[in-house]
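Data block below; observations after.
The values are calculated or read from the model by the stated rules, or taken from the named source; none is laboratory data. Note that this is a predicted model, so its numbers are computed, not measured. In this analysis, Cβ positions are derived from the backbone assuming ideal geometry, glycine residues included, and neighbour counts consider all displayed protein chains. The area values use the complete protein model at the heavy-atom level, side chains included, leaving out ligands, DNA and RNA. Shrake-Rupley method; radii C 1.70, N 1.55, O 1.52, S 1.80 Å.
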Amino acid sequence: MPRLTSNDYLSTRSALFQLWTATDGFVFAVLSGHAQRDLHDYFAFTVPMTDREALAHRTAMTKAFPSLPQTAGRAFQAVNAHVNGQPNQMVDRHLEQSTVTVEHAGKTRKIRALGVAHPKVKLDLLARATVRFIQDDMNGKLPKSNPKTSPPNRSRK
């Protein structure tokens, strides 16, 4: 893949900003959280900057994380392919991994949970969700997990 020129970087950054604002970020949910973070970190498309500041940001991020331009470029290609209705392995793999099959009342259903990574973690929302989850768990409102339908444990040891 050819190197990204400064003009290409700025136009990609602008295109990502347009997608972000037009879809409230939901179009990015077809990418893994890591891929979304790569886009935010490298292109910083939600951060207001002049062109000169954006190019300085690009230089700093490339120096600090030499593989980031490539991984962010792949993530951009993936989301762009999805928006244009073209198949993409990165998107397909993430959608497949985000889908589980569950049985309830004799019916089999597929459920997919996707998330949107924001440029900054909203700690107040995260804290509220954590407290609510713990309260629901303590009050017995959460369903017991079923090993047959639960996704595999992917934690690293």
Inset, instruction - List every residue pair whose Cβ atoms lie under 8 Å apart, where the two residues are 6 or more positions apart in sequence or sit on different chains, the first residue falls within region 102-131 and is open to solvent by less than 100 Å² (accessible area, probe 1.4 Å), and the second residue, located anywhere, is among the charged types (D, E, K, R) and assigned to a helix (DSSP H, G or I). - result: 117/37
Inset, instruction - Give region 66-99 a look and list any residue that's touching a residue at least 12 places away in the same chain (Cβ under 8 Å), aliphatic (A, V, I, L, M) and open to solvent by less than 40 Å² (accessible area, probe 1.4 Å), or say none. - result: 68, 72, 75, 78, 79, 91, 95
Legend entry - Residues (surrounded by fewer than 20 Cβ atoms within 10 Å (Cβ to Cβ), at negative phi and of a type outside the set (Phe, Trp, Tyr)) located in region 20-36: 21, 22, 23, 27, 33, 34
Inset, instruction - Taking residue 51 as meeting all but one of (1) open to solvent by 70 Å² or more (accessible area, probe 1.4 Å); (2) in contact with a helix residue (DSSP H, G or I) (Cβ under 9 Å, 6 or more places away or on another chain); (3) without any contact (Cβ under 8 Å) to a residue 12 or more places away in the chain, write down the number of the exception. - result: (3)
